[in-house]
Each structure stands twice: as C-alpha cells, then as structure tokens.
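What follows is a short report on a single structure.
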Amino acid sequence: MIGTIANASSILIGSILGSTLKKGIGEGYKTVMMDSMGLAATALGVNSIVGAMPNSQYHVLFIVSLALGGLIGTRLSLDTLFDGVVARFSKGSNLAQGLSTAILLFCAGTLSILGPMQSALMGDNTYLFTNAILDGITSLVLASTFGFGIAAAAGVLFCWQGIIYLLAGLIEPYITDALMTEISLVGGILILASGLGILGIKQIKTLNLLPALLIPPAAIALLSLFGI
C-alpha cells in the first residue's frame, strides 16, 4: 500500500504548507484564494461532466442517481451530522465546506479508484504516485483557504483507497468502463455543486447528495442480472 500511503502523505504535507501560508495572508488575498478555489472546483466538475456524458450508456442514470441519493442523504441528514462533527474542531470557520469539497476531489476521481486496484493486482503505483502530486497541490491550495482541517481528508482517502486495495481481487471484474463513466459523471456534478457553493452562487447540500455515488454500481449490477 505504498502508493496509498504516499497519496495520503502528500495531502497531509500540502495541508501543513497551505495552513502555514494562510497565516500570513491578508483578508483580501484570502477572498481571492477562496474565489480561485471555487472556480477551480467548478472547472474540474464541468470537465468531468463534459468528458463522461458523451460516453454514458445509461442516459438518465445520473438523474436517477442524484434524485435517489439526495433523498437518502436528506433522510440521514448527512450534512447536519458532518457539520456537527467539524464544528467541534473549527468553531466559527467554514471548514465543513472546504473539507467536503476536498473529500470529493480526492476520492471521487478515476485515479483514486483505479490506482489502489492497479497497485494491489499488478504492483504498479504509477496512478497513485501521479494522484499524490495532484492531491498535494490541491490540498495546499485548499488549506491556504480553509485551514489545516483539510488534512482530515487524508484519513478519509487512506480508508477509501485501503478498502479498494484490500477488495481489489473481488471488485476488479465489476469496475467496467461503463461504471467508471457513470461515477465520473455523478462525481463531476457533485464537484461542480461544491464549486458553486464556494463561489456563493448557490448553496447546495452536497453532502446529502453523496449517496448518489452508490447508485450507479447498484443500478448497473441490477441491470446486468437482467442482461440489459
């Protein structure tokens, strides 16, 4: 799991450097950094959507996923639970917004899913080392905007990739191009929603939509049983 350790460590190092940088930044510069992060998240979300949508074999699945996922997340009040936990460690800050964006950016990407599988099955950490560089830079920017709390995303990513690594042999046959396309499409929409929230355009309870990422695997597995 050296690749996953490197990926999580890069986020931790980036968070340390970014939070240190934040201490010397004036309010005007912090606002610019916040806007920049919002624009970056929006651009990444749009890029993921545009890249995945033309290749989607299930043209309404992302709509169904968002609707069902939103209902499940709202029923579980995921946003309230998450905000409550984060608030204990960051009173008076907007860390919850930044941390939710970080978790989506770090965990919903193709490299973060295929990387640990490639590492476990072929001993190749190329994807994970590449992802480590990207996530390190991203965490530095996020931490310079939201503070050191972004480092918590390193723990989430380690658990996420660790589970995939341990189960790689079992889930590898089911990680098809069609599934990755649908996950990328839904994930891109959630990242776009986070970007809009950071920019103050529209506050969407993105955390309540997180279960939407679980709908495509379940739906495609069900459809495959009926040969669809």
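The values are calculated or read from the model by the stated rules, or taken from the named source; none is laboratory data. Because the structure is a prediction, the values reported are computed rather than measured. Cβ coordinates were reconstructed from backbone atoms using ideal geometry, including for glycine residues, and neighbour counts include every protein chain displayed. Remember, those area values only see protein heavy atoms, side chains included, never the ligands or the DNA or RNA. Shrake-Rupley method; radii C 1.70, N 1.55, O 1.52, S 1.80 Å.
The reciprocal of the average 1/r between distinct C-alpha atoms defines the Kirkwood hydrodynamic radius, which for the range 171-228 equals 12.7 Å. Derived scalar couplings between HN and Hα for the range 186-203 equal 5, x, x, 5, 5, 5, 4, 4, 5, x, 5, x, 4, 6, x, 6, 7, 7 Hz in order, rounded to whole Hz, by the Karplus curve 6.51 cos²θ - 1.76 cosθ + 1.60 (θ = phi - 60°), x for Gly and Pro. L121 contributes an accessible area of around 90 Å² to the protein surface, as traced by a 1.4 Å probe with all chains present.
Dipole size of the chain about its Cα centre, with +1 on Lys/Arg Cβ and -1 on Asp/Glu Cβ: approximately 640 debye, rounded to the nearest 20. The relative contact order of the chain comes to 44 percent, based on Cα pairs under 8 Å that sit 6 or more residues apart. Proximity of backbone amide H atoms, modeled 1.01 Å from N, is registered between L167 and no other residue at under 5 Å, excluding neighbours fewer than 5 places apart on the same chain. Surface listing: L66, L17, L179 arranged by accessible area from highest to lowest gives L17, L66, L179, probe 1.4 Å. Within the full protein context, the accessible area of D83 is estimated at about 70 Å² for a probe radius of 1.4 Å. Solvent-accessible area of K30, all protein chains in place: 60 Å² (probe radius 1.4 Å, heavy atoms, ligands and nucleic acids excluded). Applied to the range 115-132, the Karplus parametrisation 6.51 cos²θ - 1.76 cosθ + 1.60 on θ = phi - 60° returns per-residue 3J(HN,Hα) values of x, x, 5, 5, 5, 6, 8, 10, x, 9, 9, 4, 4, 6, 5, 5, 5, 4 Hz, with x for Gly and Pro.
Between S56 and L214, full extension at 0.36 nm per residue minus the direct alpha carbon distance yields a gain of 55.2 nm.
If the segment from T176 to L222 were pulled out straight at 0.36 nm per residue, it would be longer than the present Cα-Cα gap by 15.1 nm. Mean sequence separation of contacting Cα pairs (under 8 Å, at least six apart), scaled by the length of the range 44-147, corresponds to a relative contact order of 19 percent.
Remark: accessible surface ordering of Y165, Y174 (largest first) is Y174, Y165, probe radius 1.4 Å. What accessible area per residue, rounded to a whole number of Å², is obtained for the chain using a probe radius of 1.4 Å? For the chain, the solvent-accessible area averages 51 Å² per residue.
For the chain, the share of accessible area belonging to carbon and sulfur comes to 71 percent (1.4 Å probe, ligands and nucleic acids excluded).
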